[in-house]
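Q: Below are the structure tokens for one structure; questions will follow.
The values are calculated or read from the model by the stated rules, or taken from the named source; none is laboratory data. What you are looking at is a predicted structure, and each value in this text was computed from that prediction instead of being measured. As a convention, Cβ positions derive from the backbone with ideal geometry for all residues, glycine included, and neighbour counts pool all protein chains shown. The protein model used for the area step is the full one, side chains on, heavy atoms only, and it has no ligands, DNA or RNA in it. Shrake-Rupley method; radii C 1.70, N 1.55, O 1.52, S 1.80 Å.
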Amino acid sequence: EADIIRRAMGHKDVKALTDPKTNYEQKFIDGLINAGATVENAKKFWEDLLNFASYAFNKSHAAAYAFVAYYTAYFKYFYPAEYMCAVMAHTEFEKLPALLYECKGMGLEIVLPDINVSDIDFSNKGDKIIFGFKNMKGMGNSGITLINERDAGGKFTSIKDFVHRMSVANGKFNKTAYATLIDGGAFDKFCTRRTLNNSIEELIGETKKVIAKESKKAECEMAVQAAKDKGDEKAEAKALASLKRCLESLRQAKANVASVSLSPIQGNKSERLQAEYSILGCYVSGHPLDEYADAIAQAKATPIASLTDGNSTICGMVSEVRVLQRKSDGKNFAIFTLTDMSEAIEV
């Protein structure tokens with residue numbers, strides 16, 4: 001019977017402990033009294049067991065949790081940006097919006113990825129938290145390649161400089177990586193996203209031609225030098241003629257790169273934000289609900305991330321609507337996702 005009581009406590013089964021049919025309470029109290037306890041102390045001990053059965057927590061486990069809780073509370077208060085970077089670095093992609101909302105509430109600024117600033121993971125500069133390349137959906141290992149080139153050759157001076165250097169450094173830096181960087185805002189300091197989406201394929205193609213011509217030029221120069229070393233005037237003249245044609249071809253290829261238009265084109269804001277959301281898992285440069293901020297404030301809406309039990313007014317964007325039928329009476333009902341600036345919820 002003692003073991004049954006122990007199991008009931010472990011399963012938080014208070015009903016089993018207080019079932020009048022088994023009469024465990026009286027048996028337990030009588031046993032304690034027979035062992036020398038006072039009636040008062042025996043009854044108090046039984047009450048303690050019932051409380052423990054409501055929520056049992058091992059002391060050593062509680063001590064470890066308390067230890068970690070004090071550390072994390074300390075770091076969050078005194079090193080908020082560093083702490084939140086660490087938390088988000090170990091958070092699933094889908095759960096980032098709630099944490100970013102928390103960051104904003106703490107007075108931290110969230111910054112878009114930047115090819116000249118971002119690290120592999122979330123990083124911070126003062127109270128600014130900067131997206132890392134690993135935190136962008138679709139980057140894979142391309143972020144490491146990018147950082148290695150930046151460390152070796154210094155910061156990128158333009159989008160054309162970036163394309164040229166990345167094409168030389170690693171031909172595997174593919175279109176997916178470019179699309180991710182563009183839609184995630186990593187090139188915003190150089191060019192608008194709409195412009196790059198329109199021009200990037202042409203720019204990459206023309207840049208690869210330049211690199212091929214530069215390689216050919218190097219071969220021609222080696223041929224000229226080899227002919228000189230041999231003292232073969234005929235071969236040298238032929239190699240010089242080939243080098244001249246190669247230089248002209250290279251000049252034209254560079255001119256083609258220079259002619260690729262990067263004139264600013266402002267795209268549709270809604271489309272830009274949706275693409276950003278798909279890459280970063282949240283809205284950073286703006287939010288589709290920004291234009292409704294006054295109406296949301298007037299409605300005294302509760303952020304989804306702050307919802308508690310009871311009645312609340314929430315405002316957000318409806319998506320992923322599914323209309324289904326109730327089995328009981330065949331009437332329609334809908335399930336959809338409602339997203340606000342803090343989080344998403346199924347309704």
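Q: Quick one: how many residues across the stretch 242-257 are more than 17 Å from Ala218 (Cα to Cα) and touching a residue at least 40 places away in the same chain (Cβ under 8 Å)? Show your work before the answer.
A: So the first thing to find is which residues in the stretch 242-257 are more than 17 Å from Ala218 (Cα to Cα), and the list is 255-257.
Keeping just the survivors that are touching a residue at least 40 places away in the same chain (Cβ under 8 Å) gives 256-257.
Total satisfying the criteria: 2.
Q: Which residues, counting only those in the stretch 10-32, are exposed (fewer than 14 other Cβ atoms within 10 Å of the Cβ) and either aliphatic (A, V, I, L, M) or assigned to a helix (DSSP H, G or I) (or both)?
A: Gly10, Lys15, Gln26, Lys27, Asp30, Gly31
Q: Right, here's the next one. Could you check how many residues of the stretch 102-111 are in a loop (DSSP other than H, G, I, E, B) and open to solvent by 30 Å² or more (accessible area, probe 1.4 Å)? Outline the logic, then answer.
A: We begin by selecting, within the stretch 102-111, every residue in a loop (DSSP other than H, G, I, E, B); these are 106-108.
Filter again for open to solvent by 30 Å² or more (accessible area, probe 1.4 Å), leaving 106-107.
Looking only at that region, the number is 2.
Q: A further question follows. Do you know which of the residues in the stretch 314-337 that are under 29 Å from the mean Cα position of the chain (by Cα) and open to solvent by 70 Å² or more (accessible area, probe 1.4 Å) is modelled with the lowest pLDDT? Steps first, please.
A: Start the filter on the stretch 314-337 by keeping residues that are under 29 Å from the mean Cα position of the chain (by Cα), which leaves 314-322, 335-337.
Narrowing the set further to residues that are open to solvent by 70 Å² or more (accessible area, probe 1.4 Å) leaves 318, 320-322.
On the way: Val318: 93, Glu320: 90, Val321: 95, Arg322: 95.
Selected residue: Glu320.
Q: Going by what's in this entry, would Asn124 be described as closer than 20 Å to Tyr283 by Cβ and either part of a strand (DSSP E or B) or in contact with a Lys or Arg (Cβ under 6 Å, 6 or more places away or on another chain) (or both)?
A: On the way: closer than 20 Å to Tyr283 by Cβ: yes; either part of a strand (DSSP E or B) or in contact with a Lys or Arg (Cβ under 6 Å, 6 or more places away or on another chain) (or both): yes.
Yes.
Q: Here's a check for you: in the stretch 83-101, which residue that is in a helix (DSSP H, G or I) and in contact with a helix residue (DSSP H, G or I) (Cβ under 7 Å, 6 or more places away or on another chain) is surrounded by the most Cβ atoms within 10 Å (Cβ to Cβ)? Even if it seems obvious, please write down each step before you answer.
A: From the stretch 83-101, those in a helix (DSSP H, G or I) are 83-89, 93-101; that's our starting set.
Add one more test, that the residue is in contact with a helix residue (DSSP H, G or I) (Cβ under 7 Å, 6 or more places away or on another chain), and what stays is 83-84, 87-88, 96, 98-99, 101.
Working: Tyr83: 20, Met84: 23, Val87: 16, Met88: 21, Leu96: 19, Ala98: 17, Leu99: 18, Tyr101: 20.
So, considering only residues that are in a helix (DSSP H, G or I) and in contact with a helix residue (DSSP H, G or I) (Cβ under 7 Å, 6 or more places away or on another chain), the one surrounded by the most Cβ atoms within 10 Å (Cβ to Cβ) is Met84.
Q: While we're here: Going by the conditions given, is Glu201 open to solvent by 50 Å² or more (accessible area, probe 1.4 Å), under 22 Å from Leu146 (Cα atoms) and assigned to a helix (DSSP H, G or I)?
A: On the way: open to solvent by 50 Å² or more (accessible area, probe 1.4 Å): yes; under 22 Å from Leu146 (Cα atoms): yes; assigned to a helix (DSSP H, G or I): yes.
Judged against the criteria, Glu201 is a match.
Q: Follow-up question, since we're still on this one. Filtering the stretch 33-47 down to residues that are of a type outside the set (A, V, I, L, M, F, W, C) and surrounded by 10 or more Cβ atoms within 10 Å (Cβ to Cβ), which residue is farthest from Asp3 (Cα to Cα)?
A: Restricting attention to the stretch 33-47, the residues satisfying the condition of being of a type outside the set (A, V, I, L, M, F, W, C) are 34, 36, 38, 40-41, 43-44, 47.
Checking the rest, the ones that are also surrounded by 10 or more Cβ atoms within 10 Å (Cβ to Cβ) come to 38, 41, 43-44, 47.
Values: Thr38: 23, Asn41: 21, Lys43: 19, Lys44: 20, Glu47: 18 Å.
Result: Thr38.
Q: Continuing with this model, one more query. Of all the helices (runs of 4 or more DSSP H) wholly in the stretch 213-304, which have at least 3 residues that are open to solvent by less than 40 Å² (accessible area, probe 1.4 Å)?
A: Working: elements: 233-259, 269-280, 293-298.
Output list reads 233-259, 269-280.
Q: Of all residues being over 15 Å from the mean Cα position of the chain (by Cα) and basic (Lys, Arg) in the stretch 63-121, which is farthest from Leu146 (Cα to Cα)? Just the residue, please.
A: Lys76
Q: Only one of these is buried (at least 22 other Cβ atoms within 10 Å of the Cβ) and touching a helix residue (DSSP H, G or I) at 6+ places or on another chain (Cβ under 9 Å): Asp121, Asp183, Asp127. Name it.
A: Selected residue: Asp183, the only one of Asp121, Asp183, Asp127 that is buried (at least 22 other Cβ atoms within 10 Å of the Cβ) and touching a helix residue (DSSP H, G or I) at 6+ places or on another chain (Cβ under 9 Å).
Q: Something else now. Collect the residues in the stretch 52-77 that are open to solvent by 100 Å² or more (accessible area, probe 1.4 Å) and part of a helix (DSSP H, G or I), keeping them in residue-number order.
A: Answer for the stretch 52-77, where residues must be open to solvent by 100 Å² or more (accessible area, probe 1.4 Å) and part of a helix (DSSP H, G or I): Lys59, Tyr65, Phe67, Tyr70, Tyr71, Tyr74, Tyr77.
Q: For the stretch 261-300, which residues satisfy the criterion of being among the charged types (D, E, K, R) and either touching a residue at least 60 places away in the same chain (Cβ under 8 Å) or in contact with a Phe, Trp or Tyr (Cβ under 6 Å, 6 or more places away or on another chain) (or both)?
A: The answer is Arg272, Glu276.
Q: Looking at (1) surrounded by fewer than 18 Cβ atoms within 10 Å (Cβ to Cβ); (2) among the β-branched types (Val, Ile, Thr); (3) over 29 Å from Tyr77 (Cβ atoms), find the lone condition where Ile115 falls short.
A: Answer for Ile115: the failing condition is (1).
Q: Right, something else. Could you list, in sequence order, all residues of the stretch 148-178 that are open to solvent by less than 20 Å² (accessible area, probe 1.4 Å) and either among the aliphatic types (A, V, I, L, M) or assigned to a helix (DSSP H, G or I) (or both)?
A: Ile159, Phe162, Val163, Met166, Ala177, Tyr178
Q: Are there any pairs with C-beta distances below 9 angstrom linking a residue in the stretch 53-67 that is under 29 Å from Tyr24 (Cα atoms) and aliphatic (A, V, I, L, M) to a residue that is open to solvent by 60 Å² or more (accessible area, probe 1.4 Å) and not in a helix (DSSP H, G or I), with the two at least 6 apart or on different chains, and if so which?
A: Ala53/His11; Ala53/Lys12; Ala53/Asp13; Ala56/Lys12
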